[in-house]
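A.B. asks: There's a structure below that I have some questions on.
The values are calculated or read from the model by the stated rules, or taken from the named source; none is laboratory data. As the structure is a prediction and not an experimental result, all values here were calculated from the model. All Cβ positions, glycine included, derive from the backbone under ideal geometry; neighbour counts span all protein chains shown. Side chains are part of the model used for accessible areas, which takes the heavy atoms of the whole protein and leaves out ligands, DNA and RNA. Shrake-Rupley method; radii C 1.70, N 1.55, O 1.52, S 1.80 Å.
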Amino acid sequence: MGMDRFTRAANIDGKQFATELLERIKSDVEVLKIETGVVPGLAVVLVGDDPASAVYVASKHRQTIAAGMKSFEYRLAAETTQDELLALLDRLNADPEVHGILVQLPLPAHLDPNAVVQAINPDKDVDGFHVLNAGCLATGNPALVPCTPLGCMMLLKDTLGENLSGLHAVIVGKSNIVGKPMAQMLMNAHCTVTVVHSQTRNPAELCRAADILVVAAGRPGLVRGDWIKPGAVVVDVGINRIEGDGKSTIIGDVAYGEAGHARAITPVPGGVGPMTIACLLSNTLTAFRRRHTLAAAA
Ligand code: NAD
């Protein structure tokens with residue numbers, strides 16, 4: 001047995017975890033279909049023709065179908081007006097076949113993303129971006145929560161066990177989509193939480209104190225080996241496309257090759273990335289269950 005067996009960080013295989021989660025979702029959908037006679041449905045709205053967004057939307061559609069759910073896809077022209085988009089959301093909010101609604105961001109510049117997100121019925125807000133869902137998470141009663149930090153939480157619990165109480169979690173990044181909800185989920189799990197961002201004076205020193213280090217800055221290789229405490233669990237959310245030598249590569253925000261002394265780390269790609277769509281479908285199932293349980297209780 002070589003020493004490196006003890007010094008090499010374990011890989012957190014998000015791809016495998018996501019595949020298993022999708023299998024569980026698929027069998028839950030089958031059971032719910034029999035129990036309720038209804039199939040969970042997810043509506044995805046794409047405005048304009050941003051190529052990266054089109055790829056995401058196509059992938060969401062494929063996986064929604066693969067999970068046995070109904071997928072409603074709306075591809076609207078780039079010049080769609082705010083009123084037209086809000087009218088579509090009104091229809092989807094009222095449609096009993098639709099349990100989850102997602103508007104793919106970013107939107108074309110003439111549309112107000114905040115007004116659009118707030119127009120989604122919070123009970124169908126599977127991205128968890130509505131202020132009501134953000135407020136529920138912030139006050140410790142989560143309903144629908146953002147998909148990427150939800151996926152990170154699942155990977156952390158799979159690695160460390162359900163009980164994260166008392167661990168020091170450091171999060172790099174404070175966006176509404178990743179950093180902020182991640183901090184709240186970890187606080188709800190009774191971690192001590194530090195948030196590092198672009199104005200933080202001593203990021204390396206703070207990161208070195210982390211038992212759990214979640215990095216979502218969008219800065220390739222920002223977190224170096226000496227920012228990581230030996231034995232820490234590192235979750236790298238960053239997705240950075242690097243062009244060079246005539247090819248493009250995806251790398252994370254953590255210098256992966258320098259993280260051998262971590263206990264475990266998510267690779268990029270194949271770590272957090274595959275979890276996001278799986279969590280979107282998990283949220284659609286949560287929205288479905290909440291609707292049917294509430295209806296049954298009424
Ligand atoms: P964002 O640009 O909205 O926020 C970045 C955050 O990082 C900000 O709070 C900023 O203060 C902080 N930051 C920037 N530079 C920093 C520095 N030098 N030191 C410390 N903090 C710094 O980004 P986001 O939407 O939160 O996404 C972050 C990264 O995660 C991106 O690479 C994005 O592509 C990726 N991402 C991946 C998934 C996924 O895996 N499915 C989902 C969402 C985002």
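A.B. asks: Past 30 Å, Cα to Cα: identify those pairs from LYS60/LYS247; LYS15/LYS247; LYS180/LYS247, in the order given.
C.D. replies: LYS180/LYS247
A.B. asks: So if each residue of separation counts as 0.36 nm, and I subtract the Cα-Cα distance between ARG62 and ASP158, what length gain in nm does that give?
C.D. replies: Difference between extended and current length: 31.9 nm.
A.B. asks: Does region 26-101 come out rounded, prolate or oblate, given a ≥ b ≥ c as the square roots of the eigenvalues of its C-alpha gyration tensor, rounded meaning a/c under 1.5 and, failing that, prolate meaning a/b above b/c?
C.D. replies: Oblate.
A.B. asks: Cβ under 15 Å from THR36's Cβ, THR36 left aside: what net charge do those residues give with Lys, Arg +1 and Asp, Glu -1?
C.D. replies: In short, +1.
A.B. asks: With no solvent and one equal point scatterer placed on each C-alpha of region 157-292, evaluate the Debye formula and give log10 I(q)/I(0) for q = 0.09, 0.11, 0.12, 0.20 Å⁻¹, two decimals.
C.D. replies: -0.28, -0.41, -0.49, -1.24
A.B. asks: Angle between the Cα long axis of helix 147-160 and the longest principal axis of the chain, 0 to 90 degrees, nearest 10?
C.D. replies: 40 degrees
A.B. asks: Rounded to the nearest 0.05, what FRET efficiency is calculated for ASN202 and ASP112 with R0 set to 41 Å and r the Cβ-Cβ distance?
C.D. replies: Taking R0 as 41 Å, the efficiency between ASN202 and ASP112 is 0.65.
A.B. asks: Report the percentage of all Cα-Cα pairs in region 98-231 whose separation exceeds 23 Å, rounded to a whole percent.
C.D. replies: That fraction is 38 percent.
A.B. asks: Ok, one more. Extension gain GLU30-ARG75, at 0.36 nm per residue separation less the Cα-Cα distance, in nm?
C.D. replies: Gain on stretching GLU30 to ARG75: 13.4 nm.
A.B. asks: How much mean residue ellipticity at 222 nm does the chain get from its helices, if each DSSP H run of length 4 or more adds -39500 (n - 2.57) and you divide by all residues, to the nearest 500 deg cm²/dmol?
C.D. replies: After summing the helix terms and dividing by the residues of the chain, the value is -13000 deg cm²/dmol.
A.B. asks: Follow-up. If r is the Cβ-Cβ distance from ALA94 to GLN16 and R0 is 45 Å, what FRET efficiency results, to the nearest 0.05?
C.D. replies: 0.70
A.B. asks: Also: Tell me the angle of helix 273-297 to the major Cα principal axis of the chain, expressed in degrees between 0 and 90 and rounded to the nearest ten.
C.D. replies: Approximately 50 degrees, to the nearest 10.
A.B. asks: Starting from 0.36 nm per residue, how many nanometres of slack lie between HIS261 and LEU132 once their C-alpha separation is accounted for?
C.D. replies: This chain segment gains 42.4 nm when fully extended.
A.B. asks: Taking the 0 to 90 degree range and rounding to the nearest ten, how far is the long axis of helix 14-36 tilted relative to the main principal axis of the chain, both from C-alpha atoms?
C.D. replies: The two axes meet at around 30 degrees.
A.B. asks: Could you compute the FRET efficiency for ARG290 and THR139, with r as their C-beta to C-beta distance and R0 at 25 Å, rounded to 0.05?
C.D. replies: Taking R0 as 25 Å, the efficiency between ARG290 and THR139 is 0.90.
A.B. asks: Can you compute the label reach from SER175? Point 7 Å from Cα along the Cβ direction, backbone N cut-off under 16 Å, restricted to region 130-146.
C.D. replies: 130, 146
A.B. asks: Please give the per residue accessible area of region 1-106, computed with a probe of 1.4 Å over protein heavy atoms only, in Å².
C.D. replies: On a per-residue basis, 56 Å².
A.B. asks: What's log10 of I(q)/I(0) for the chain at q = 0.09, 0.14, 0.15 Å⁻¹, Debye sum over Cα points only, no solvent?
C.D. replies: -0.47, -1.09, -1.22
A.B. asks: Another question about this same structure. Would you kindly give the portion of the calculated P(r) for region 1-150 that falls above 27 Å, as a percent of all Cα pairs?
C.D. replies: Counting every Cα pair in region 1-150, those more than 27 Å apart make up 32 percent.
A.B. asks: In region 139-298, carbon and sulfur make up what percent of the accessible area (probe 1.4 Å)?
C.D. replies: 53 percent
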